[in-house]
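Chemist: The structure under discussion is supplied below as structure tokens; questions concerning it will follow.
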Amino acid sequence: MATKKKTELDLQLNKDQLKASIVRHLRSTLGTSEQKASPQAWWKATAAAVNEQVYERLTRTQQTHFNKDTRAIHYFSAEFLMGRLTSNNLHNLSLYSVCEEALRELGLELTDLCEQEPDMALGNGGLGRLAACFIDSLATLNYPAVGYGLHYEHGLFRQEIQDGRQIERPDSWREYGNPWEICRPESVQEIPLYGYVETVFGDKGGLKKVWHAGRKIKGVPWDIPVVGFGGHTVNILRLWESRASEFFDWDVFNAGGYVDSQAEKAQAETISKVLYPNDETDAGKELRLIQQYFFCACSIKDIMRRYKRVHGSDFSNFAAQIAIQLNDTHPTVAIPELMRVLVDEEDLNWDAAWTICYQVFSYTNHTLLPEALEKWSVNLFEKVLPRHLEIIYEINARFLGDLVEAKWPGDDVIKAKLSIIEEGEVRKVRMGNLCVIGSAKVNGVAEIHSKLVKEDLFPEFAALWPDKMCNVTNGVTPRRWLLACNPELAALYDEVVGKEWPLQLDKLRGVVKFADDKAFQQQFMTIKRHNKEKLVKVIKAETGIEVDANAIFDIQIKRLHEYKRQQLNLIHIMALYRRLLANPDYDMHPRVFIFGSKAAPGYKLAKDIIYAINKLAERVNNDTRIQGKLKVVFMPNYRVSLAEKMIPAADVSEQISTAGYEASGTGNMKLALNGAITIGTLDGANIEIVEEAGAEHCAIFGLNVDEVKALKARGYNPYDFYYANSELKAVLDWFDTDYFTPGKPGELSSIKRSLLEGGDPYLTLADFAAYSEAHQLVDSWYRDPALWAKKAIINSATMGKFNSDRSIQDYVERIWKLERCKVG
Ligand code: OAK
């Protein structure tokens, strides 16, 4: 009997079916019963029931993509900061309320079950979370796409705060199993490392290079289905886990080295063991290079296998079928790896292989910070990837000898600057230069950032290839960052502008006309109030601190870095505290300053700033003299799932980086979308947020990019500001006392030192007075509830541009040239 193809309608479960499925999975998949099941078992049973839907759609998607032999984008990223998937998958499958009802009939709350899920924290911050938003948008817009990355056993460390200090604990997100991933042993790859290169005579005459590996590592793929909103396309995120290769173990074993073979096994497994916790700093460690090569080589092999299944060894269609996006320089080694495969393994000549290569790759730059620009020592490269170093030399020789020589004949200074190899005591491979040379397009992530990439970071490359450089402003998925995290506001928007906004976020503009409407303002602010009340409980549970939802909730959530200037926020709070101590009637609306932030474990000053925030919090929160007007909260273990609780509750969004340093920011977009008012500098995407919302609805302060450059050029002296502003001086001097660290004077002095003797590289003191004024403005706005509501509403309603669907559409049009592929 012919089986009837299931229609979309057949796929959609009703409440009773879902309930039955959950109970069935509880018994047959989890091996327990309704009476005995733990909340975790219920969560897993729910996930298993949802997966029935996911897998059906995944299979359909894969069949459709295979049948149509579509061009696809392969998003290479060392980080995917996915967070939790349960509520996201339910929303995207339009099953959220069905599931909520089904569980309620079983006596359970869906939101409680969602809390059982550990965050998938396979990323540090902005770059990793952007990758997660992008794969959501790619599936939602029905683009064929695969995310490729590393299956870290331990994601970003769990942060504990002990006596105010950050302590890092391992994160074990899959300790008790992860229902959202599927192991695919049929697609295992073997990856060579180390060894040497031999030149031999090829079959077709001529010389050939053969890489004799010193080790081989097995790459095991784990697929995480990525469900698009509406549930049509389900793409995959394929993450590679490293294992010891059988081939290698047996060699050692046969030589009588059972114990040694176990050591080899442990070494092989180390590759995907932990995520490096450095955000925007380059560790330069051998293991990190191996991680990068491992996931790129596995992914290129995977792409090759799929391509050859259809096209055999005819590579004339390769560039038409395959696009690879390099998420920053971390996956750059994919460029020489593809060259190696095409030239050494597939016998293409160099020119044919290079023509393919530079059409396939594109590169996104996510930071201008020099310490993030990856450089590997030539010696290390030669040891780990000897053949790749030869290929890099060849790419470089041709680039400098042909293109650079033609444009700047005889100019050795320019050649030295553009060379992939940095000369010096330690010769280094510059991954940024390799990326630009090997990519069709290079983009920054906000207008101003892309301009700086072109003008300051890569000016000569831009002169050589004016069309290569472009901009794609970042975005965030409105499904996670409004629909799922702020259900009350989402429901209000459904009523006012209809239900299309999660796909067409511009529709929220329809809300602007209600910004002055008293009834609407009240509804909007009531929702904000509810979200704040929920956060009050979370704060109490996590920190023991009691805060009042009547206060202004002023939130700074992001990685800790001097350029992001948490220290500016800190010294301003100290200034407010001084004002309150000097005058208990000092006129200000009560304010709660809330921080969430992890510091790289080796970043001493960043950790000292966390300590200072916590010590300030202890003192301020217990000081009855200030009548609760000021509270400071440091939320431990900031992560995606905590962001989802904090963002809907924010009144004020702190986006206060030194102008020119924050490439884009995406928290700024999420907070404004949820009705927070930005206090910020003209940096990154803040500039575009202000363009959308209107300057009068944001509190912009401080030096702009040109002024920062000019001040630095003139010679910035932080002491000028220290001596000129008595309040600032008093605050900085406070760091040297034991006021916040009783009995331990000087424990906070490193912060003062960095701002004075250290030269204050991020111009904190130069922006202090303007920042303080901006806060006074915000305070005055808040005391006028109608004015505040209007600003909050307008901010939320005008963030349509920052939908990651729009970013993806920009990538498609400017870089990837993909076609949508409807899965039906
Ligand atoms: C991390 C490691 C190396 C280089 C850059 C990063 C990173 O996370 N950069 C951040 O990327 C975000 C997404 O594009 C931007 O919004 C942030 O401004 C940027 O700091």
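No value in this document is a laboratory result; all are computed from the given coordinates. This structure is a prediction, so every number in the text was calculated from the model and none was measured. Every residue, glycine among them, receives a Cβ derived from its backbone with ideal geometry; neighbour counts consider all protein chains shown.
Chemist: Say a paramagnetic label sat at a point 7 Å from the Cα of Glu757, along Cα to Cβ; which residues of the stretch 573-615 have their backbone N under 15 Å from it?
Modeler: 605
Chemist: How many Å³ per residue does the convex hull of the Cα positions in the chain occupy? Please report the intermediate quantities before stating the final value.
Modeler: Working: hull volume 158.8 nm³, N = 824.
Value for the chain: 193 Å³ per residue.
Chemist: What FRET efficiency, computed as 1/(1 + (r/R0)^6) with R0 = 45 Å and r the Cβ-Cβ distance, is obtained for Glu101 and Gln776, rounded to the nearest 0.05? Before the final figure, lay out the partial values.
Modeler: Values: r = 49 Å, r/R0 = 1.08.
Taking R0 as 45 Å, the efficiency between Glu101 and Gln776 is 0.40.
Chemist: Still on this structure: Counting only complete DSSP H runs, which helices of the chain cover 20 Å or more along their long axis at the Cα atoms and score a mean Kyte-Doolittle of 0.0 or above?
Modeler: Values: long enough: 39-68 (43 Å, -1.05); 126-140 (21 Å, 1.09); 286-311 (36 Å, -0.26); 518-543 (36 Å, -0.82); 566-582 (24 Å, 0.56); 604-621 (25 Å, -0.04); 764-782 (26 Å, -0.06).
Membrane-span-like by this rule: 126-140, 566-582.
Chemist: Continuing with the same structure: Sorting check: for 201-213, 317-329, which peptide has the highest mean count of neighbouring beta carbons within 10 Å, and how do the rest follow? Display every interim value, and only then the final one.
Modeler: On the way: 201-213: 11.8, 317-329: 21.7.
Top to bottom by mean Cβ count within 10 Å: 317-329, 201-213.
Chemist: Compute the Kirkwood hydrodynamic radius of the stretch 695-824, taking the inverse of the mean of 1/r over all pairs of distinct Cα atoms, and give it in Å to one decimal.
Modeler: Final number for the Kirkwood radius of the stretch 695-824 is 19.1 Å.
Chemist: Ranking request for peptides 671-678, 155-162, 790-797: highest mean number of other beta-carbon atoms within 10 Å first, then the rest in descending order.
Modeler: Numbers: 671-678: 28.1, 155-162: 19.5, 790-797: 24.9.
Highest-to-lowest ranking by the protection proxy: 671-678, 790-797, 155-162.
Chemist: Taking every Cα atom in the stretch 234-357, find the radius of gyration and the maximum pairwise distance Dmax, and write them in Å.
Modeler: 17.3, 50
Chemist: Given the -39500 (n - 2.57) contribution per DSSP H run of 4+ residues, what per-residue ellipticity at 222 nm results for the chain, rounded to the nearest 500 deg cm²/dmol?
Modeler: On the way: 33 runs with 369 residues, N = 824.
Using -39500 (n - 2.57) per qualifying helix, the result is -13500 deg cm²/dmol.
Chemist: Which residues does the label zone of Tyr196 cover in the stretch 383-415, counting backbone N under 18 Å from a point 7 Å along Cα→Cβ?
Modeler: The answer is 383-391.
Chemist: Roughly what would the spin-label model give for Asp494 and Ala713, points 7 Å off Cα along C-beta, in nm?
Modeler: Output for this residue pair reads 5.5 nm.
Chemist: About the Cα centre, and with charges only on the beta carbon of Lys, Arg (+1) and Asp, Glu (-1), how big is the dipole of the chain? Nearest 20 debye, please. Could the numbers behind the result be given before it?
Modeler: Working: 100 positive and 111 negative charges, 278 e Å.
Using only the charged Cβ atoms, the result is roughly 1340 debye.
Chemist: Ok, one more. Cross-link partners among lysines for Lys499, C-alpha distance below 17 Å, same-chain residues fewer than 8 apart left out?
Modeler: Lys507
Chemist: Let me ask something else. Please give, to one decimal in nm, the separation of the simple spin-label points placed at Ala416 and Val259, each 7 Å out from Cα toward the Cβ.
Modeler: My value for the distance between the label points is 5.2 nm.
Chemist: Based on the Cβ-Cβ distance from Lys36 to Gln522, what FRET efficiency comes out when R0 is 56 Å, to the nearest 0.05?
Modeler: On the way: r = 47 Å, r/R0 = 0.84.
About 0.75, to the nearest 0.05.
Chemist: Please compute P(r) over all alpha-carbon pairs of the stretch 52-165, binned at 10 Å starting from zero, and give each bin as a whole-number percent.
Modeler: 12, 32, 34, 18, 4, 1
Chemist: Next question. Which whole-number percent gives the relative contact order of the stretch 473-565, counting Cα pairs below 8 Å spaced six or more residues apart? Could you put the intermediate results ahead of the total?
Modeler: Numbers: 44 pairs, mean separation 14.4, N = 93.
Normalised by residue count, the contact order of the stretch 473-565 is 15 percent.
Chemist: Between Asp402 and Tyr358, what is the spin-label point distance in nm, taking each point 7 Å from the Cα along the Cα→C-beta axis?
Modeler: Between Asp402 and Tyr358, the simple spin-label model gives 0.7 nm.
Chemist: Which value, in debye to the nearest 20, gives the size of the charge dipole of the stretch 478-802 about its Cα centre, when Lys and Arg are +1 and Asp and Glu are -1 at the Cβ? Mind showing how you got there, number by number?
Modeler: Details: 42 positive and 41 negative charges, 173 e Å.
Around 840 debye, computed over the stretch 478-802.
Chemist: Then there's this: Pairs of Cα atoms under 8 Å, at least six residues apart: use those to get the relative contact order of the chain, whole percent.
Modeler: Numbers: 1486 pairs, mean separation 111.2, N = 824.
The normalised contact order for the chain reaches 13 percent.
Chemist: Do the alpha carbons of any pairs in Lys598/Lys712; Lys534/Lys645; Lys534/Lys631 sit beyond 20 Å of each other, and which pairs?
Modeler: On the way: Lys598/Lys712 29 Å; Lys534/Lys645 8 Å; Lys534/Lys631 17 Å.
Distance filter (> 20 Å) returns Lys598/Lys712.
Chemist: Can you tell me the relative contact order of the stretch 478-802? Whole percent, Cα pairs under 8 Å, sequence separation 6 or more. Could the numbers behind the result be given before it?
Modeler: Details: 520 pairs, mean separation 75.6, N = 325.
Value for the stretch 478-802: 23 percent.
Chemist: Write down, largest first, the equivalent ellipsoid semi-axes of the stretch 478-802 in whole Å, where each equals the square root of 5 times an eigenvalue of the alpha-carbon gyration tensor. List each step's numbers first, then the result.
Modeler: Details: eigenvalues 211, 97, 64 Å².
Those come to 32, 22, 18 Å.
Chemist: Ranked highest first by average number of other Cβ atoms within 10 Å, how do 532-538, 608-614 line up? List each step's numbers first, then the result.
Modeler: On the way: 532-538: 16.3, 608-614: 24.0.
Output ranking for 532-538, 608-614: 608-614, 532-538.
Chemist: To the nearest Å, what is the center-to-center distance of the stretch 723-786 and the stretch 306-349, using C-alpha atoms only?
Modeler: If you average the Cα positions of each part, the centres end up 53 Å apart.
Chemist: Over 23 Å between Cα atoms: which of Lys19/Lys670; Lys607/Lys709; Lys417/Lys468; Lys540/Lys615; Lys415/Lys817 fall into that group?
Modeler: Details: Lys19/Lys670 34 Å; Lys607/Lys709 28 Å; Lys417/Lys468 18 Å; Lys540/Lys615 18 Å; Lys415/Lys817 33 Å.
Those over the limit are Lys19/Lys670; Lys607/Lys709; Lys415/Lys817.
Chemist: Which shape class, rounded, prolate or oblate, goes with the stretch 131-242 when its Cα gyration tensor gives a ≥ b ≥ c as root eigenvalues, a/c under 1.5 marks rounded, and past that a/b bigger than b/c marks prolate? Could the numbers behind the result be given before it?
Modeler: Values: a/c = 2.73, a/b = 1.44, b/c = 1.89.
Oblate shape, in that a/c is at least 1.5 and b/c is the bigger or equal ratio.
Chemist: Same structure again: Which length gain, in nm to one decimal place, applies between Glu186 and Ala549 when the Cα-Cα distance is subtracted from 0.36 nm times their residue separation? Don't jump to the answer; show the numbers that get you there.
Modeler: On the way: separation 363, 0.36 × 363 = 130.68 nm, distance 5.40 nm.
The span from Glu186 to Ala549 would gain 125.3 nm if fully extended.
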